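Step one of this worksheet: look at the structure below.
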Amino acid sequence: MAKIIVALGGNALGDNAREQLNKAEQASRAIADLIEAGHNLVIVHGNGPQVGQINLAFEVSHKMGETPAVPFAECTAMSQGYIGYHLQQAIDEELVSRGHDDIPVVTMLTQVVVDEHDPAFSHPTKPIGDYYDKETAAQLMANTGEPYVEDAGRGWRRVVPSPKPVDIYEKLTLAALINDNQVVIACGGGGIPVVYRGKRYHGVDAVIDKDFAAAKLAHLIDADFLLTLTAVQRVFVDFNTPAQRALDTMTVAEAERYMAEGQFPAGSMLPKVQAACEFVNGAAGRRAIIAALDQAAQALTGTTGTTILP
C-alpha cells in the first residue's frame, strides 16, 4: 500500500457544471482503480476557469449594485466546495458501484500559507477565467486595470499572482484523515492562499498553482508518490517537431537540463515537472509520475507515464 497524492489536470474538469460533473465521473474511475489496489489517496485539483467565472459573476453583480464585493480568496473557497462536491459525489458513487460503500470520501476546505513578500505578487502570471480575443482583452484591461495575457494560443485571459506554497494550515487534520484510510479531496485550486499577519491568517488575491500545492502536501504528509494525471501519456521533449521523443523516465538532473533548454511550456508541462522535482528531492525513496488520466493504475507499475527519479 502506498500513500499517493493525485494531482488532476485541467482535462479532468469542465468549463460548466454539467461538463464538469461528467468529467468528474470519468476521473472517478481512474481514482477508484487506485483505491481498489489498496492505496491511500489525496486528490488535488485545479480551478482556473471556475474561480475566474465565480469572481467575474460577483464583479458584474457588484457593478450592478446587486451584491457587495467578494474578495478573491473567498472565490477560491467557493470553487473548492463546488468542484470538491462534484468529485466527491462521483468518486463515492463509483466506489459504491464496485461494492465499496465503507470507504469515506471527504472534501476539505484547505488554506495554503504563502509568503506575502513573494515576488510573484509584483508579477502576476497565473491565468484564470474565460478566454477572450485580443481586442476584447485590451478593452477589459483598459476598463479594469487588470492584466491579461495570451494563453498558449487559446486566447487572452486575466492573470493574477501565483506565489509558492510554504505550508498548509490543515496539515494535521489531513494526516489524521489519511491515516484513517479516508479518501480526501484537498488543496483544491492550489488551496485558499493566506498570509500570516497580525497574529492571524488573512486571505489574499492570488492563485497557487495546484501542482506546487500538491507537491507541498505530498512532502508534508510524507507521501510515497506524486501522481500527476493530465491529457498526455508521457512527457515529451522536442514536442511537435520531427525529433519529438517520449520519456519513460527522467532524473531530476535531466529534468533541470530540459527546463533550462525551454523544453516545457510555462502554462502546462513546466509547473508539473518543477513540482515533481521538488517532491522527489525532498526525501529518499520518493517517485513522481506524470501520466494520462485513464492510465493511472498502469502508471504506478511503470508501463506508461514518465517517472521522475532522483
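The values are calculated or read from the model by the stated rules, or taken from the named source; none is laboratory data. Keep in mind that what you see is a predicted model, and the values were worked out from it rather than measured. Note: ideal-geometry Cβ built from the backbone for every residue, glycine included; neighbour counts use all protein chains shown.
Of all residues in the stretch 111-124, those that are closer than 16 Å to Y201 by Cβ have Cβ atoms under 6 Å from Cβ atoms of residues that are of a type in the set (S, T, Y) and in a loop (DSSP other than H, G, I, E, B), 6 or more apart or on another chain, in Q111/Y169. Counting the residues of the stretch 18-57 that are without any contact (Cβ under 8 Å) to a residue 24 or more places away in the chain and surrounded by fewer than 21 Cβ atoms within 10 Å (Cβ to Cβ) gives 4. Does Q53 count as out of contact with any Asp or Glu (no Cβ under 8 Å at 6 or more places or on another chain) and outside any loop (DSSP other than H, G, I, E, B)? The answer is no for Q53. Every condition in (1) in contact with a His (Cβ under 8 Å, 6 or more places away or on another chain); (2) more than 15 Å from A206 (Cα to Cα); (3) not aliphatic (A, V, I, L, M) holds for Y169 except the one numbered (1).
Summed over the stretch 78-116, the residues that are among the hydroxyl-bearing types (S, T, Y), within 24 Å of K171 (Cβ to Cβ) and in a helix (DSSP H, G or I) give a count of 3. One residue stands out in the stretch 63-73 among those that are in a loop (DSSP other than H, G, I, E, B) and out of contact with any His (no Cβ under 6 Å at 6 or more places or on another chain): the one that is surrounded by the most Cβ atoms within 10 Å (Cβ to Cβ), namely V70.
Under 18 Å from A296 (Cα atoms) and touching a helix residue (DSSP H, G or I) at 6+ places or on another chain (Cβ under 9 Å): is that true of E25 in this structure? Considered against the rule, which asks whether it is under 18 Å from A296 (Cα atoms) and touching a helix residue (DSSP H, G or I) at 6+ places or on another chain (Cβ under 9 Å), E25 comes out as yes.
Being touching a residue at least 12 places away in the same chain (Cβ under 8 Å) and in the same structural domain as P104 (by TED's automatic domain parsing) is the requirement here; does L172 meet it?
On the way: touching a residue at least 12 places away in the same chain (Cβ under 8 Å): no; in the same structural domain as P104 (by TED's automatic domain parsing): yes.
When the stated conditions are applied, L172 does not pass them.
Going by the structure shown, is R158 free of Cβ contacts under 8 Å to residues at least 40 places away in the same chain and out of contact with any helix residue (DSSP H, G or I) (no Cβ under 6 Å at 6 or more places or on another chain)? For R158, the condition - free of Cβ contacts under 8 Å to residues at least 40 places away in the same chain and out of contact with any helix residue (DSSP H, G or I) (no Cβ under 6 Å at 6 or more places or on another chain) - is not met.
A quick yes/no check of all residues on (1) in contact with a strand residue (DSSP E or B) (Cβ under 6 Å, 6 or more places away or on another chain); (2) in the same structural domain as E25 (by TED's automatic domain parsing); (3) crowded, with 17+ Cβ neighbours inside 10 Å:
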{"residue": "C75", "(1), (2), (3)": "no, yes, yes"}
{"residue": "G81", "(1), (2), (3)": "no, yes, no"}
{"residue": "G84", "(1), (2), (3)": "yes, yes, yes"}
{"residue": "L87", "(1), (2), (3)": "yes, yes, yes"}
{"residue": "A90", "(1), (2), (3)": "no, yes, yes"}
{"residue": "S97", "(1), (2), (3)": "no, yes, no"}
{"residue": "T110", "(1), (2), (3)": "no, yes, yes"}
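Results for (1) buried (at least 24 other Cβ atoms within 10 Å of the Cβ); (2) out of contact with any Asp or Glu (no Cβ under 6 Å at 6 or more places or on another chain); (3) in contact (Cβ under 8 Å) with a residue 60 or more places away in the chain; (4) closer than 28 Å to A32 by Cα, shown as yes or no for each residue.
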| position | (1), (2), (3), (4) |
| --- | --- |
| K210 | yes, yes, yes, yes |
| A218 | yes, yes, yes, yes |
| A243 | no, yes, no, no |
| I290 | yes, yes, yes, yes |
| T307 | no, yes, no, yes |
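Among the residues of the stretch 227-241, is there at least one that is buried (at least 17 other Cβ atoms within 10 Å of the Cβ) and closer than 30 Å to H117 by Cβ? Yes, the stretch 227-241 contains at least one residue that is buried (at least 17 other Cβ atoms within 10 Å of the Cβ) and closer than 30 Å to H117 by Cβ.
All told, E278 meets the bar of being on the phi < 0 side of the Ramachandran plot, surrounded by fewer than 22 Cβ atoms within 10 Å (Cβ to Cβ), touching a residue at least 24 places away in the same chain (Cβ under 8 Å) and assigned to a helix (DSSP H, G or I). Applying the criterion of being in contact with a strand residue (DSSP E or B) (Cβ under 8 Å, 6 or more places away or on another chain) and surrounded by fewer than 19 Cβ atoms within 10 Å (Cβ to Cβ) to the residues of the stretch 152-168, the residue that is farthest from P71 (Cα to Cα) is R154.
Residue check: V60 meets all listed conditions (1) part of a helix (DSSP H, G or I); (2) in contact (Cβ under 8 Å) with a residue 24 or more places away in the chain; (3) out of contact with any helix residue (DSSP H, G or I) (no Cβ under 9 Å at 6 or more places or on another chain) but one, namely (2). Of the set (1) more than 18 Å from T125 (Cα to Cα); (2) in contact (Cβ under 8 Å) with a residue 60 or more places away in the chain; (3) not aromatic (F, W, Y), all apply to A255 but (2).
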